Amino acid sequence: MRRLIAAAAAGAGLLLTVGCSSSSSSSAADPGSTASGGSAPVTVSLGFLTNITHASALVGLKEGFFTKALGSAGTLKATAFSTGTEETTALLAGQLDAAYVGPNPAINAWQKSSGTAIKIISGAATGGASVVVAKGITSAAQLKGKTLATPSLGNTQDVALRYWLKQNGLTTTSTGGGDAFIKPTTPNSAAVLEFKSGQIAGGSEPAPYDVEMVKDGGTVLLSETGVTTLLVVSQSFLSAHPAIVADLVKAQIQANDFIKSSPAAAQADANAELASYTGKPLKASIVAAAFKEITFTNDPDASSLTTDASQAESLGLLKPVNLSGIFDLGPLNTALAAAGEPQVSS
């Protein structure tokens with residue numbers, strides 16, 4: 001079971017797009033990255049969420065790791081989403097070639113396509129999500145009759161909250177009924193405002209929004225471990241452009257290495273890139289606290305993905321699903337070996 005650690009002490013979202021031309025900041029292409037036969041550069045549509053849990057993407061964009069890795073082979077088109085549910089829809093509609101998503105959206109895309117839509121090619125982050133509640137609430141039992149926000153129905157934080165409530169004897173329904181009332185709220189910043197104004201008793205939110213709720217007087221009732229962010233790619237794109245996918249993985253590794261080696265610069269990068277999409281930077285203290293909650297790792301933590309699926313199934317939010325074949329970690333392990341870093345397993 002995905003470990004959920006109680007810690008008593010301690011209409012649709014806006015979609016924004018920006019095109020990043022590799023010609024503006026890329027170096028010469030790697031030998032395996034040149035466009036086949038001298039053809040025109042491939043446009044790579046990459047999705048991510050406006051969360052600090054997606055800092056690998058934010059840092060990779062700000063530092064130019066993606067455009068440098070692609071070189072002359074590809075031009076990057078980055079699109080920000082508010083929820084993984086929106087990203088899944090875009091992936092299944094063929095609007096994205098690759099995306100940073102949570103585990104549950106990845107599982108949903110796999111199931112809805114009968115295993116034909118996506119492959120998980122790398123991890124990005126674990127941890128960095130919490131249930132924050134109003135001061136004075138110290139147990140799940142006190143949430144009976146209360147309203148709690150989550151990013152969207154069936155997303156990673158939504159499933160984790162509902163499952164934890166179920167384990168503590170509280171029912172929820174997909175329509176907001178039951179013992180505790182779950183209210184999918186987008187964008188995540190809206191949940192922060194509703195909490196601050198007393199409209200909701202708390203929420204299950206990813207960083208930095210859980211941190212902001214704590215700053216507004218909230219208490220962390222539950223901290224969630226396990227995979228939070230994955231890098232996935234459409235199977236059709238992987239088949240057509242394996243060298244481009246290898247470049248994306250290379251950039252992902254470089255972004256996480258930069259986060260580890262230069263944390264202060266990485267935090268500033270993530271905040272600046274986030275502000276370019278949301279229109280407003282976060283306080284530096286919020287970003288720093290959010291980074292402390294998260295482990296940035298290229299390991300996709302396959303075991304916790306299986307647990308996520310099992311929990312969603314037990315809640316009736318997911319039909320039984322066979323995840324065999326959902327990972328393709330060959331490009332990741334090749335890149336990790338080239339970088340002198342430990343390989344990972346599915």
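The values are calculated or read from the model by the stated rules, or taken from the named source; none is laboratory data. Everything quoted here is computed from the prediction, not taken from an experiment. Quick reminder, even Gly has a Cβ in these numbers, built from the backbone with ideal geometry, and neighbours come from all protein chains shown. The area values use the complete protein model at the heavy-atom level, side chains included, leaving out ligands, DNA and RNA. Shrake-Rupley method; radii C 1.70, N 1.55, O 1.52, S 1.80 Å.
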Practice task
Compute, for Asp301, the solvent-accessible surface of its heavy atoms (probe 1.4 Å) with the complete set of protein chains present, and express it in square angstrom to the nearest 10.
Solution key: 50 Å²
Completion exercise
For mean projected area of the Cα convex hull in nm², with candidates [x] 16.0; [y] 26.3; [z] 19.2, the value calculated from the shown model is option [x]
Practice task
Tally the DSSP beta bridges in the chain and give the antiparallel ones as a percent, rounded to 5.
Solution key: 65 percent
Exercise for the section: With a 1.4 Å probe and every protein chain left in place, tell me how much accessible area Phe237 has, in Å² to the nearest 10. Expected result: 10 Å²
Completion exercise
Inter-part gap, Cα centre of region 49-70 to Cα centre of region 217-271, in whole angstrom, is 7 Å
Fill in the blank from the handout: Under a 1.4 Å probe, counting only protein heavy atoms, Glu341 has an accessible area in Å², nearest 10, of 50 Å²
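Taking the highest mean first, how do the peptides 198-206, 260-268 order by number of other beta carbon atoms within 10 angstrom per residue?
198-206, 260-268
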Handout entry: Portion, in percent, of the accessible area of the chain that falls on carbon or sulfur, probe 1.4 Å
Key = 53 percent
Completion exercise
Highest mean packing first, using Cβ neighbours within 10 angstrom, the peptides 48-54, 120-126, 219-225 sort as 48-54, 120-126, 219-225
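How much net charge surrounds Asn51 when only the other residues with a Cβ under 11 Å from the Cβ of Asn51 are counted, with Lys and Arg +1 and Asp and Glu -1?
Working: positive: none; negative: Glu205, Asp210.
Cβ neighbours under 11 Å give a net charge of -2.
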Exercise for the section: Would you mind checking Lys196/Lys292; Lys77/Lys196; Lys77/Lys250; Lys62/Lys183; Lys135/Lys166 for any pair whose Cα atoms are more than 25 angstrom apart? Expected result: Lys77/Lys196; Lys62/Lys183
Problem - Compactness index (Cα Rg / 2.2 N^0.38 Å), region 113-179 - result: 1.38
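For a quick protection proxy, order the peptides 310-318, 57-65, 169-177, 71-79 by their average other-Cβ count within 10 Å, most packed first. Present the calculation step by step, with values, prior to reporting the outcome.
Values: 310-318: 17.6, 57-65: 25.2, 169-177: 13.7, 71-79: 21.4.
Result, highest mean first: 57-65, 71-79, 310-318, 169-177.
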